[in-house]
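A short write-up of the structure that comes next.
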Amino acid sequence: MKKIVGKAFVLGDDIDTDQIIPAEHLVYSLDKPEEKKFYGRFALSGVPDSVSGLPEGGIPFTQPDKFESDFQIIVAGKNFGCGSSREHAPFALQVAGIKAVIAPGYARIFYRNAIDGGFLIPYECFESLNGTIKTGDELEIDTDLDLLHHKASDKQYPLRPLGDVADIVEAGGIFEYARKNKMF
Amino acid sequence: MTLTEKILARAAGKTKTIPGDNVWVDVDVLLTHDVCGPPAIGIFKREFGENAAVWDRKKLVIIPDHYIFTKDVYANRNIDILRSFASEQQLPYYYDVGTENYKGVCHVAMPELGFTRPGEVLFGTDSHTCTAGAFGQFATGIGNTDAAFIMGTGKLWVKVPETMKFIFEGEIPPYIMAKDLILQIIGDIGVDGATYRAMEFTGDGVMRMDMEGRMTLTNMVIEAGGKNGVVEPDETTFNYVRERTNHPFDPVYNSPDAKYHSVRVYKSSELEPMVAKPHSPDNKATVTEVKGTKLTRAYIGSCTGGKISDFEAAAKIIKGNELKIDTYVVPATTEVKRQLREVTFEGQTLWDIFESAGCHMGEASCAACLGGPSDTFGRLNHEEICISTTNRNFPGRMGSKKSQVYLASPYTVAASAIAGVITDPREYLPVTV
Ligand code: SF4
C-alpha cells in the first residue's frame, strides 16, 4: 500500500499558472541544482497574500529564506492550474516538495503536465475540501484505495480513481510509460 | 463525427473516434518558443541522448517571442540554447532574434508563415496554440515533457474532446469585435466552462469574419479551459493559407450527423461591447455597466489583440484625438509592424496615427502581456489600472500583483484611452457605422 503523508496548504478556486510560478521566474534552468531550487523558492509566490494559505491567508507557501515548502499536499478549489501551458508550474510545486494536489477539477494542460512529467499526482475530489481542511492540517492519501484521511477530524474522503492515466502515473511519466510499452 | 473528431481519427490512422477515446496521433507541426523550448530540448536530450536527431526537421517550428528585448541574462541564455539547437539539428524553421528572420508572437507568426493548415494536427508549448483552430486545424497547447516526446517520436496521446458549438446568427454590428463575442462566451460559461472540450464557432456572424477575427475567437478558448477551438474552413481560410504556402493540405468538415456536447445560439444584433473585469477573464460586464471606471493605462498588443486588424480598429477611433492615459502599442509580429507603417486610415499611416497621439510604440513580441522581466516594455510595475486587448487578467499577469487589468476589444481600449475612463466605443465611432 502506498501512502502520501504531509501537511496541507489550502487555496481557493482558479489558481492559475501565473500564481503558481509568476512569469518573471521562468528563466531559471530546470536542470542545474543551483538554479532549479529557485522554482521551489518562488512556487505559489503569485498568490495574493490575503488568500495564501486558507482560511486565514497570509501564510507564505515557502518561507522567504527557504527553497522548500513546509507543506506537501495542496488542497485547492476548482480549475486548479488554469492559464498558461508552462510545465514549470507542476515542476515548481514538485521542487517545493509537493507530492499531490487535491482539487475538484483541473485545467487540462496542468493535469497532463503533472502526469506526463511525473511531477505530482493531481487527485480529483468529489466535493470541494478547501472549506473543510485548514492549512497545516495533517493529511494521508492512500493511493491504492484512492482515499484521503484528514487526521484532525479523523474523516475519510474518497478521491476519484485516476482511470486511464493511472498507468502513466505508476510508470512515473510518459517516457517511462512509453519505454515500458516498447513504444521506442 | 465533428471536425475535431475527424482530424484526430485520421491522424491516429483510424476510421472513427468518439469523445473520451485516448488515441496516439501523428503530429504535423510542433511549435515551441523561448520560454518552453529550452526545457523541452533539455528533456529531449536527457531521454533520447545528447546526439539524438528530432523526428522531422521540417515539422519543428521554433519562434522566440516572449522575453526578447530584455537585459535579463537567464532570458537571453534561453535564446542561445534555441540558437545552438537549431544549428545542431539544422532546423529550417527557426526565427532568430536580431536577424531579418525574427517574427515575434508565435501564434500570429504561424499563420503568416503558412503553418496553420486545415485538417492537420499542431501541438505547441504554449496554451494559446489553440489560435490555429481558426484555420480548421486541430491545435492545442502542451507542456515541455510532451513536446520533448514529440521531438523524439513524432507522436502524442490525446483524449478526443467533445465539442461545444457556439452559433452567432446574423450580421455582427459594426461597433462589436470578435473580442466582444469571446468575452461574452467566457463570461457565460466560466473559466472552466469548456475544460477538456473543443469549442466550435459558427453561424453567419462568424463565417463572415476575416481570418484575424476568427483567430481572436479561437485564441481565447483556453480562457474557458477549452482544449481546442475550431472554425470550419471555407474560401476565406483557403485563400489566406494558399497565399502563404504551397504546402498541400486536406481540409476536414463536420459530418451532418456530428454530435455536440451542447449548442448555444447568440443573436449577433443583441451583442454589447464587453469587458472582463479584474482578475478573471470570465468576470464579465458590458461596457455600459462599467463605463466611467478610472484607468491609468491602455495596452494594445499580444496574439489576440496585436494583429493588424486590431490596430486598424484602434486607429479608427484614436485618429485626431488626444489620449488621457499612457497607451502602449505592441505589434504582435514584425510583419504587423511593417504593415503599421503601410496601412493607412484617412490618408495617415496607422503608425503615424498612434505616434502623433502620443502612444508608446513597442517592438514585436509578447512584451507586457505576461509581465516578464522587470524591464519589459509596458509592464505594470506598480498599482496600475490597465485596459488591455490581451487575453488574461489573472492577478499579476501583466506585472505587479497590485495592478488591475480589464480586458476589452481594440475599439473599447482605444475609446477608453482617449477618455481615461472605460468608455463605450460607440461614442467615438462615426455615426454612419
Ligand atoms: S502574446 Fe501573450 S498570450 Fe500571446 S503568446 Fe505571448 S504571452 Fe502568450
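The values are calculated or read from the model by the stated rules, or taken from the named source; none is laboratory data. This is a predicted model, so every value here is computed, not measured. Using ideal geometry, Cβ is built from the backbone for each residue, glycine included, and neighbour counts are taken over all protein chains shown. Ligands, DNA and RNA are excluded from the accessible area calculation, which covers all protein heavy atoms including side chains. Shrake-Rupley method; radii C 1.70, N 1.55, O 1.52, S 1.80 Å.
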Query raised in the report: If you check B:THR131 against the conditions, is it modelled with pLDDT of 95 or more, polar (S, T, N, Q), at negative phi and open to solvent by less than 10 Å² (accessible area, probe 1.4 Å)?
Result: yes
Query raised in the report: Is region A:167-184 home to any residue that is within 14 Å of chain B (Cβ to nearest Cβ), polar (S, T, N, Q) and within 25 Å of B:GLY143 (Cβ to Cβ)?
Result: yes
Report task. Within region B:48-63, track down each residue that is more than 12 Å from chain A (Cβ to nearest Cβ) and in contact with a Phe, Trp or Tyr (Cβ under 8 Å, 6 or more places away or on another chain). Result -> B:VAL54, B:LYS58, B:LEU60, B:VAL61, B:ILE62, B:ILE63
Query raised in the report: Within region B:128-156, can you find the residues that are among the β-branched types (Val, Ile, Thr) and under 21 Å from the mean Cα position of the chain (by Cα)?
Result: B:THR129, B:THR131, B:THR140, B:ILE142
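Yes or no, residue by residue, for (1) in contact with a Leu (Cβ under 8 Å, 6 or more places away or on another chain); (2) away from chain A (no Cβ under 12 Å); (3) within 30 Å of A:MET183 (Cα to Cα):
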| residue | (1), (2), (3) |
| --- | --- |
| B:GLY154 | no, no, yes |
| B:VAL158 | yes, no, yes |
| B:LYS165 | no, yes, no |
| B:GLY170 | no, yes, no |
| B:PRO174 | yes, yes, no |
| B:MET177 | no, yes, no |
| B:THR195 | no, no, yes |
| B:MET199 | no, yes, no |
Requested in this report: Among the numbered conditions (1) under 20 Å from the mean Cα position of the chain (by Cα); (2) open to solvent by 10 Å² or more (accessible area, probe 1.4 Å), tell me where B:LYS179 comes up short.
Outcome: (2)
Query raised in the report: Taking region B:191-223 on its own, how many of its residues are open to solvent by less than 10 Å² (accessible area, probe 1.4 Å) and in a loop (DSSP other than H, G, I, E, B)?
Result: 2
Requested in this report: Give me a count of the residues in region B:27-47 that are more than 10 Å from chain A (Cβ to nearest Cβ) and small (Gly, Ala, Ser).
Outcome: 1
Query raised in the report: Residue check, A:GLY6 against (1) of a type in the set (Gly, Ala, Ser); (2) touching a strand residue (DSSP E or B) at 6+ places or on another chain (Cβ under 7 Å); (3) closer than 19 Å to A:PHE110 by Cβ, all met but one. Which one?
Result: (3)
Query raised in the report: Among (1) farther than 27 Å from B:ALA9 by Cβ; (2) within 16 Å of the ligand (Cβ to nearest atom); (3) more than 14 Å from every other protein chain (Cβ to nearest Cβ), where does B:HIS66 come up short?
Result: (3)
Query raised in the report: Does at least one position in region A:52-71 carry a residue that is within 12 Å of another protein chain (Cβ to nearest Cβ) and part of a helix (DSSP H, G or I)?
Result: no
Requested in this report: Pick out the one residue from B:ASP21, B:ASP28, B:ASP34 that is touching a residue at least 12 places away in the same chain (Cβ under 8 Å) and touching a His at 6+ places or on another chain (Cβ under 7 Å).
Outcome: B:ASP34
Query - Checklist (1) free of Cβ contacts under 8 Å to residues at least 60 places away in the same chain; (2) buried (at least 17 other Cβ atoms within 10 Å of the Cβ); (3) in contact with a Pro (Cβ under 9 Å, 6 or more places away or on another chain) applied to A:VAL51, failing item - result: (3)
Query raised in the report: Which one of these does B:LYS159 not meet: (1) within 20 Å of the chain's Cα centre (by Cα); (2) at pLDDT below 95?
Result: (1)
Report summary line: Across region A:29-47, the tally of residues that are within 11 Å of another protein chain (Cβ to nearest Cβ) and either within 17 Å of A:ALA8 (Cα to Cα) or open to solvent by 40 Å² or more (accessible area, probe 1.4 Å) (or both) stands at 6
